Structure formats: structure tokens, C-alpha cells
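Visitor: Provided herewith is a single structure, encoded as C-alpha cells, for subsequent inquiry.
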Amino acid sequence: MDLSVFERRSDHEWVSPARGRMRVPVVIYASRELMQAMDAKVLEQAANVAALPGIVQASYAMPDAHWGYGFPIGGVAAFDPDEGVVSAGGVGFDISCGVRTLLTGLRREDIVRVQARLADTLYARIPAGVGSTGELRLSAAEMDAMLKGGAHWAVGRGYGDEADLARTEERGTMRGADPKAVSEQARKRQRDEMGTLGSGNHYLEVQHVAEVFDARIAADYGIAAGDVVVSIHCGSRGLGHQIGTEFLKEMAIAARAAGIDLPDRELACAPLASALGRRYLGAMRAAINCALANRQILTHLTRAAFREVLPEARLPLLYDVSHNTCKEETHEVAGRRRRLFVHRKGATRAFGPGHAELPPEFREAGQPVLIGGSMGTGSYILAGLATGMERAFGSACHGAGRAMSRHEATRRWQGRAIVDELASRGILVRSPSLRGVAEEAPLAYKDVSAVVDAADAAGLARKVARLEPLVCVKG
Amino acid sequence: MAVRWEHFRHEADIGVRGLGPTREAAFEQAALALTAVIADPERVAPQRAVRIACSAPDDALLFCDWLNALIYEMATRHMLFARFEVRIGDGRLDADAWGEPVDVRKHRPAVEIKGATYAELDVRRLPDGSWLAQCVVDV
């Protein structure tokens, strides 16, 4: 990307001033190297977001930002409740896609002796890949209860523990969900997908803590070097995809009638104060609950698999974060507390120390920010910072971001060779699709370490620990 | 005039493009490109037909609707499709899609598709008179 259009406010903060139709500037948080490697489309898309009505302060892009649709992936934008909009494109198709990490109380050496059996058991228990189905079938009334209750509903049905809820964003239930706003098609698409992982970049990994950067916060989070954790990356499955699809079309058609001139159709949005905007918020929040319930059921299945292989293990939840959402939050803007609707598209919420939303045991440390990497390079746990609250409405990066297309990845690598190479490094991959493995090859992703280093240096979130995979179940 | 499909590059996802002598043919070819994101269309047998209908205020939205209808049918019927017959008139599309249930061993599906996006969305007549239909799909 051409860096000459930016004013460099600090080492990791690049500002493109408002011009033309932009109502606010674009601010990108990244190192010079990441900026140089970033696609020029990121600035173009972030500038389009900056032109939407009611946007507040700036259109932000995180260090892992890449070319998305409408919003850049890694985009953050907040809107005024009266003047602003909510955008189905700004949340995306995989509503409330996110990561949850479970502690295990186990050490790496405990896993190594049963690693293959654990991999096989998890693979047998966790429905993964195209066309896989869960065991659960919901009646219409149960579907409504799930869409209203989220993880809370799942725990009530025996999937997990009460204690899990306090360690989930929104305490496991997104308020304001409106099941009536969820179409029959969306419900049908979810019919047999509860408790499924999906495919693409979704995964379940058993990981060990390879490196600790902040021992005090790591202790608050209950992790130390050599510990084993389990991370689950997936979203709201077919229900969320269908809601995204339907509202994108409805908003694209209605935008013109509402007098919103879209710079890009994919930015389809509706005024927050309109009936369509409110209906979307109700449906999107129901999809957030679907994602929370889905990850809660997968947690239950994971615990059952561990019980078979390592009966002594208990798997409490460290935390659950979502990275495709629009949430109503209160932030300080120019010295004034304001209620805002914050879109995070491929960006993780990262609330700093003392935030009321955090469980008491994390109030001092800040929110755990769970960053997924690729199969071979590892993942990170970060902590929210007070500076991040000011810099991007309490947001940070969400992952490595792809470095090349799926087609290019399959041209370069064979799935079998990747599985064998990772096995030789002590990482066992289980997947129904070797082509899927090739498309998700470690080198098809950017260097996640550079991304989290930039997030840390930019003051968005603090590095706490680096995780390396031992087992990867890939859809 | 060539009838063909292809994929095009998108940083995070993948673009599907259909080309043909008519708008209908371009839509049919793009549907093959959609199947090819998931599995090799050559491995999919056109065993039974599913009827699809959608409508939209313009060609571009209609194209996106067509792909989204296929994505919906694939997801809810657990099927893959390999042959298509599209009819378009008055902002309305009617089609038959032939395929078979997903068989993981036979089709080796790589990835499911979440939705067809408006990114790089384009339906137009090319200077040689043929038609192009394309967009990025989210996987």
C-alpha cells in the first residue's frame, strides 16, 4: 500500500484524513512492514466505511486488516444511535464467529503420551466439515429459546456448567435478541447444525502454552508455560449465514429509499432508528446467541472426549470472544460518555482493566483477547488495555489473516504432505478434507506474531502468552 | 463464443465467474464455479433435480440471489449440484439444478460456502456480445 497518503501519528498509528465523502478519518494500527504488505483495498474499504452516516471518531483498521467485502476484515466502526446506521455487511455472514479457550489443568507431557488417541476421540466426537450434522434437533419452541438464551440456554439443557457463563461475553446471553426476526429459512438451515464446527478456517485445537510474556496476567488467567489449553474457533453456522444473506439484500434495496447513497453495495445498511435496522439488530443478536450456544455445545463434546482419554481432566472456560458483531456499548468520545453501536468485522473486543463487563477476577488484568493463528504457527492470548479503549473503542486484531488465496495454496501444497510435515513436528491434524487442509496451509497465512506485536506496540492489547498446537481438528 | 467458468482471486475468500453466450448461460457457468469451490464438479452426478426460483430488482442482485438459493439448497439438502438450467425473465429466475447428496469419500468436499457477497459483483454483456456474471463468495 502507498504510505504517502498517511500521516504517521506514532510508530503504529497511520491516519488518512477525511476527504471527499468521508465524514471521519481512517486510522490503521500497524507496523510499517504490515502497512507495506497490506492491500490498498483496505484503505479504500475503510474510507467507504468512513462515509457512512453517523460514524463517530474514525473508521479503524486493525493490524491484521485485509481486503474484505464492504468493511475491511479487521475493521472497527462505531455509530451514533440517532444519526447512525447498522450494516449487515459490516457484521458479515458469519455472525459472532469467535474463539473460546478452555483450561485443562494438564501439562504438555500429560498429552504427549495419549496424543493420537485424544486426536482420534475429539475427531470422532466433534462434527466437522462439509455436510456434517449434530445430534441435536430443536423443535420450533426450543429454537426460539436457544435464539433468546444463547449459552445460557445450552447450559440449562445440560451442555456445560453455570461457571462457563461468567466467562463468556454478555455472560452467555446477548440481550435484545428477537427470534421473530429470524426467518424460517435461517431456522431450517440451522436444523441439524447445532454443535457442529463447520469448515474453512474453523477448528478445534489442543494447544500448549509455549511462551509467557506477562506472568502476572497469565496467572490471573490461570495459565503458565507448559500448560495445555483447548481453543475452539467457529460461529453461528447456517443460521447466521442465512440472516446475513437475507438482510444484506433487504438493506441494499432499502438503502436507496432511506436516502443512503452506498459507496459499495456490500456496505448495505439501515438507520439504527428504522424498523429495518431494529429488526436486523434483533435477528443479529439471535445469531450471536446461536453462536454462543454452538460453542457451548462444542465445549460439552470436548469435555466428553477428554473424559474418555484423560478422566482426571477438568476443562473450565478461560473466556469466549466473538469477532463479527455489532454491539451497543458506552465509550468516551471527546470527554463525553456516549452510547454507540460498535461494528467489529474480524476484530476482537478488548476491554481494558476495570471494565464493568468483565468478570471480577479479570477486572485488574483486562479482558482475555483470544487470537487464532494457523495450524503450524500458533495462536496468542492478549489482554485488553486502557489505551485500547481510547484508540479503537476497546478493540484488537482477530487473527493472522490470509497471505494468499485458497487456489494459490492448493497449487503450492498437498494436504497429505502438510499433515505429514506437521506430524513430524508433533502436531496431529484430523480433517475430513485434505484439500481443505491444503487451503489452510500454515504458510497461506500471514505471520500472526507480527500482527500481535503490532497490536501490543499500538497499545490495543498486551501480549500475554503464545500457544502452539498439539492436535488440530479441522472442518 | 466460449462457455466456461473460472475462479478469481480475493485475498480472504474466492471469486466465482461464469461466461457464456447468454445471461442464462453465464449464470449456469457461475453455478458450476460455485460447486468447484467445494468439490470437483466432475465427481458430482446429476441424479436428481431441485427447482429453484428467485426474484430481484436488477440483474446483479438476481445473480447473487441465484447463488444464495443454491447455497441454501446445498446446506439444507446436503447436496452438491453439477448441471443447471436457468430461465430468466421480468426480474425473475426459474431454474433446475441437478445433483446428488454429499458423499465425503466420493466428493472430498473442501469447504462449505457461507454466502454470495456483493463484492466484485458484476453482470454484464462483454464487447463480443457474450455475458459475464461474477461475485466473491464467503467461505
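The values are calculated or read from the model by the stated rules, or taken from the named source; none is laboratory data. Because the structure is a prediction, the values reported are computed rather than measured. Glycine also receives a Cβ, built like all others from the backbone with ideal geometry; neighbour counts cover every protein chain displayed.
Visitor: Inspect all residues belonging to the stretch A:246-254 and state whether any of them is within 11 Å of chain B (Cβ to nearest Cβ) and touching a Pro at 6+ places or on another chain (Cβ under 7 Å).
Guide: Yes, the stretch A:246-254 has at least one match.
Visitor: Would you pick out the residues in the stretch A:197-221 that are closer than 30 Å to A:Arg237 by Cα and more than 10 Å from chain B (Cβ to nearest Cβ)?
Guide: Selection gives A:Leu197, A:Tyr203, A:Leu204, A:Glu205, A:Val206, A:Gln207, A:His208, A:Val209, A:Tyr221.
Visitor: Can you pull out the residues in the stretch A:216-244 that are on the phi > 0 side of the Ramachandran plot and surrounded by fewer than 24 Cβ atoms within 10 Å (Cβ to Cβ)?
Guide: A:Gly222, A:Gly226
Visitor: Only one of these conditions is not met by A:Arg295: (1) more than 14 Å from every other protein chain (Cβ to nearest Cβ); (2) surrounded by fewer than 23 Cβ atoms within 10 Å (Cβ to Cβ); (3) of a type in the set (D, E, K, R). Which number is it?
Guide: (2)
Visitor: Another one. Of all residues in the stretch A:72-83 being of a type in the set (A, V, I, L, M, F, W, C) and either over 15 Å from the mean Cα position of the chain (by Cα) or at the interface with chain B (Cβ under 10 Å from one of its Cβ atoms) (or both), which is surrounded by the fewest Cβ atoms within 10 Å (Cβ to Cβ)?
Guide: We begin by selecting, within the stretch A:72-83, every residue of a type in the set (A, V, I, L, M, F, W, C); these are A:73, A:76-79.
With either over 15 Å from the mean Cα position of the chain (by Cα) or at the interface with chain B (Cβ under 10 Å from one of its Cβ atoms) (or both) added as a condition, the list becomes A:73, A:77-79.
On the way: A:Ile73: 27, A:Ala77: 33, A:Ala78: 28, A:Phe79: 24.
If we take residues in the stretch A:72-83 being of a type in the set (A, V, I, L, M, F, W, C) and either over 15 Å from the mean Cα position of the chain (by Cα) or at the interface with chain B (Cβ under 10 Å from one of its Cβ atoms) (or both), then A:Phe79 is surrounded by the fewest Cβ atoms within 10 Å (Cβ to Cβ).
Visitor: Separate question: Pick out, from the stretch A:305-403, the strands (runs of 3 or more DSSP E) lying fully within it that include 3 or more residues that are surrounded by fewer than 24 Cβ atoms within 10 Å (Cβ to Cβ), modelled with pLDDT under 95 and over 18 Å from the mean Cα position of the chain (by Cα). Break it down stepwise before answering.
Guide: Numbers: elements: A:317-322, A:324-333, A:336-345, A:368-374, A:378-384.
Result: empty, no element qualifies.
Visitor: Where residues in the stretch B:103-116 are in a loop (DSSP other than H, G, I, E, B) and either touching a residue at least 60 places away in the same chain (Cβ under 8 Å) or loosely packed, with under 14 Cβ neighbours inside 10 Å (or both), which of them is farthest from the chain's Cα centre (by Cα)?
Guide: Out of the qualifying residues, it is B:Arg108.
Visitor: Restricting attention to the stretch B:75-92, which residues are outside any strand (DSSP E or B) and either closer than 13 Å to B:Phe63 by Cα or away from chain A (no Cβ under 14 Å) (or both)? Working first, answer last.
Guide: Here is the first cut: in the stretch B:75-92, the ones outside any strand (DSSP E or B) are B:75-78, B:90-91.
Passing the criteria: B:Asp90, B:Gly91.
Visitor: Would you check if A:Ser424 is polar (S, T, N, Q) and free of Cβ contacts under 8 Å to residues at least 60 places away in the same chain?
Guide: Details: polar (S, T, N, Q): yes; free of Cβ contacts under 8 Å to residues at least 60 places away in the same chain: yes.
Taking the combined requirement at face value, the residue satisfies it.
Visitor: Anything in the stretch B:50-71 that is of a type in the set (Val, Ile, Thr) and facing chain A (nearest Cβ under 10 Å)? List them, or say none.
Guide: If we filter the stretch B:50-71 for residues that are of a type in the set (Val, Ile, Thr), which is where we start, we get B:50, B:52, B:71.
Within the stretch B:50-71, just B:Ile71 meets the criteria.
Visitor: So if I check each of A:Gly134, A:Gly92, A:Gly98, which one is surrounded by 19 or more Cβ atoms within 10 Å (Cβ to Cβ), touching a His at 6+ places or on another chain (Cβ under 7 Å) and within 30 Å of B:Asp138 (Cβ to Cβ)? Give the steps one after another, and end with the answer.
Guide: On the way: A:Gly134 fails: touching a His at 6+ places or on another chain (Cβ under 7 Å); A:Gly92 fails: touching a His at 6+ places or on another chain (Cβ under 7 Å).
Result: A:Gly98 is the single residue among A:Gly134, A:Gly92, A:Gly98 that is surrounded by 19 or more Cβ atoms within 10 Å (Cβ to Cβ), touching a His at 6+ places or on another chain (Cβ under 7 Å) and within 30 Å of B:Asp138 (Cβ to Cβ).
Visitor: Let me ask something else about it. Which of the residues that make up the stretch A:245-271 are more than 22 Å from B:Cys135 (Cβ to Cβ) and either surrounded by 24 or more Cβ atoms within 10 Å (Cβ to Cβ) or out of contact with any helix residue (DSSP H, G or I) (no Cβ under 9 Å at 6 or more places or on another chain) (or both)?
Guide: Going residue by residue through the stretch A:245-271, those that are more than 22 Å from B:Cys135 (Cβ to Cβ) are A:257-259, A:271.
Those that are more than 22 Å from B:Cys135 (Cβ to Cβ) and either surrounded by 24 or more Cβ atoms within 10 Å (Cβ to Cβ) or out of contact with any helix residue (DSSP H, G or I) (no Cβ under 9 Å at 6 or more places or on another chain) (or both): A:Ala257, A:Gly259.
Visitor: Could you check how many residues of the stretch A:432-457 are surrounded by fewer than 23 Cβ atoms within 10 Å (Cβ to Cβ) and assigned to a loop (DSSP other than H, G, I, E, B)?
Guide: Summing the residues that are surrounded by fewer than 23 Cβ atoms within 10 Å (Cβ to Cβ) and assigned to a loop (DSSP other than H, G, I, E, B) in the stretch A:432-457 gives 2.
Visitor: If a residue must be at pLDDT 95 or above and of a type in the set (D, E, K, R), how many such residues does the stretch A:190-210 contain?
Guide: Number satisfying all stated conditions: 1.
Visitor: Look at the stretch A:166-186 and say how many of its residues are under 12 Å from A:Met284 (Cβ atoms), touching a strand residue (DSSP E or B) at 6+ places or on another chain (Cβ under 9 Å) and crowded, with 24+ Cβ neighbours inside 10 Å.
Guide: Selection size over the stretch A:166-186: 1.
Visitor: From the residues in the stretch B:1-43 that are basic (Lys, Arg) and buried (at least 19 other Cβ atoms within 10 Å of the Cβ), which one is farthest from the other protein chains (Cβ to nearest Cβ)?
Guide: First, pick out the residues of the stretch B:1-43 that are basic (Lys, Arg): B:4, B:9, B:17, B:23, B:43.
Then keep just the ones that are buried (at least 19 other Cβ atoms within 10 Å of the Cβ); that gives B:17, B:23.
Values: B:Arg17: 13, B:Arg23: 19 Å.
Across the stretch B:1-43, the extreme among qualifying residues is B:Arg23.
Visitor: While we're here: Criterion first (under 16 Å from the mean Cα position of the chain (by Cα), surrounded by fewer than 18 Cβ atoms within 10 Å (Cβ to Cβ), more than 13 Å from chain A (Cβ to nearest Cβ) and at pLDDT 95 or above) does B:Asp122 satisfy it? Quick ask: steps written out before the conclusion?
Guide: Working: under 16 Å from the mean Cα position of the chain (by Cα): yes; surrounded by fewer than 18 Cβ atoms within 10 Å (Cβ to Cβ): yes; more than 13 Å from chain A (Cβ to nearest Cβ): no; at pLDDT 95 or above: yes.
The answer is no for B:Asp122.
Visitor: Taking the conditions exactly as written (under 29 Å from B:Ala39 (Cβ atoms), crowded, with 21+ Cβ neighbours inside 10 Å, modelled with pLDDT of 95 or more and over 22 Å from the mean Cα position of the chain (by Cα)), does A:Ala124 satisfy them or not? Please lay out each step first, then the result.
Guide: On the way: under 29 Å from B:Ala39 (Cβ atoms): yes; crowded, with 21+ Cβ neighbours inside 10 Å: no; modelled with pLDDT of 95 or more: yes; over 22 Å from the mean Cα position of the chain (by Cα): yes.
When the stated conditions are applied, A:Ala124 does not pass them.
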